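The values are calculated or read from the model by the stated rules, or taken from the named source; none is laboratory data. What you are looking at is a predicted structure, and each value in this text was computed from that prediction instead of being measured. Accessible surface areas use protein heavy atoms only, side chains included; no ligands, DNA or RNA. Shrake-Rupley method; radii C 1.70, N 1.55, O 1.52, S 1.80 Å.
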Amino acid sequence: WLSGSSDNAQACHSLSVTSMTMDVRAVLEFATVTRGLSLFLQAVLNAVIPDHDADAFRPPQTEEPLYLDSAVEWLFGGLSHWDAEHFLFIAERGYLYEHNFAFFPLFPVVLRGLAETLLWPLSSWLTVRGRLLVAVALGNSALFLLSVVALHALSRLVLQDRRLALLSSLLYCITPANVFMTAGYSESLFAALTFGGLFLLEKGFTFRACLALSIATAARSNGLVNIGFLLYLPSLHAISQIRVYRTTTKGHSKVFHYIWAIIRLLLTSLLGTAIIALPFCAFQYYGYRTFCTPSVSLERIPPALLSLGERKGYRVPDENGPPPLWCMRPLPLLYSHIQDVYWDVGFLRYFELKQIPNFILALPMATLGIMAAYAYFQTNPELCLRLGLWETNKGPDKPTPGFFNPRVFVYIVHSTVLLVFGTLCMHVQ
């Protein structure tokens, strides 16, 4: 009987591994096809549809084109518009203009690293910008595949539903926001690190999860939001441990276990928060040193870039000029200053009549977010009121797999908070 039970368990484990391998292969194949289709469509549509004449950041090209630059520009030029111009400029020139500091450094570092290593043999045929465009196409495609695998693993773990995990991973590959995962934006890098970090956190590998989420913060400022997961999931584990101690230990030993669980939770929260926030703080300090105590003179800046800054009102560091006013604030955060001055981001600032089309553009996604939160609350009202932190003795021991699983609670909160913040404070589209 014992031998048969062991054989059954091993067979079930082998079946689970086989099914997961098949699902991962299916997801990777579908993601690869969508990457190729996205690159093909952007090339065709970029050639057919004239660019919108927006007052966006367009730095002059200071290098003479080489043999393959025009071909690469035709193939991948659609990946370089809007915010992608900032990332490409930073990868090529570093942080020159004040508003460049809205874009965090990890993605430009990845692009420049690819351009100077893997793509270095093409340096006789492609300028730095040409190689950076190829790096965007290759790098973001590879990073997107990593993010799909990480999302699928996280979904299987949280949802406990193989079919729903597979379906959500496939839908992720064709979301309308897919264009940002392909273009020269940091979304694919951030998604891969965030999904991977949350998977590690769910598995209980807290320190490794903090490292992954910390690197994610070096890619995008909203990596700071991931601190919420760090504070919540270990709290859930600590409360679960305390419940076990309450039934299995007695006397002074029980009190000792309680205290140790709380101390460990506090240390994990403090240290993990510091690790995740460190890249943000370090980058803000770098911005402060660049503009508040500059060591660069205007003579060292290329004239074409200096002229662009003068025409557009872009601030550059100047050791002979006065420091900007934000340097005098009690908390001189360059990121907040940029969002306020250059992008006019703030509470209810986007609520204007002329922005109604952008609210309509955002409406389908906002509606899905509201419906998800409402449906989850309707199904799990007691769980939501308890913040999902402890269980009652009611109901079956094993939670129902799928979207209404109690483990999904923190992700619903995350989604809802981002939806409310995005609606009230951001460029909503």
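Would you mind telling me the share, in percent, of accessible area of the stretch 316-429 contributed by carbon and sulfur at probe 1.4 angstrom? All intermediate terms of the calculation are to be shown ahead of the outcome.
Working: 5320 of 7750 Å².
Percent of accessible area from carbon and sulfur atoms in the stretch 316-429: 69.
If you count only protein heavy atoms with a 1.4 Å probe, what accessible area per residue comes out for the stretch 228-382, rounded to a whole Å²? Could you put the intermediate results ahead of the total?
Details: 10030 Å² over 155 residues.
That works out to 65 Å² per residue.
Spatial offset of the stretch 293-352 relative to the stretch 162-232 amounts to 30 Å, using the alpha carbon center of each. Quick note on the stretch 111-213: its Rg to Rh ratio, both from C-alpha atoms and Rh being the Kirkwood radius, is 1.08. For the stretch 15-89, with all protein chains in place and a probe radius of 1.4 Å, 67% of the accessible heavy-atom surface sits on carbon or sulfur. Counting only the Cα atoms, the stretch 45-178 fills a convex hull of 141 Å³ per residue. A compact globular protein would have a Cα radius of gyration near 2.2 N^0.38 Å; the ratio found for the stretch 242-389 is 1.74.
Just the Kirkwood number for the chain, please: inverse of mean 1/r across all distinct Cα pairs, in Å, one decimal.
Details: mean 1/r = 0.0407 Å⁻¹.
This gives a value of 24.6 Å.
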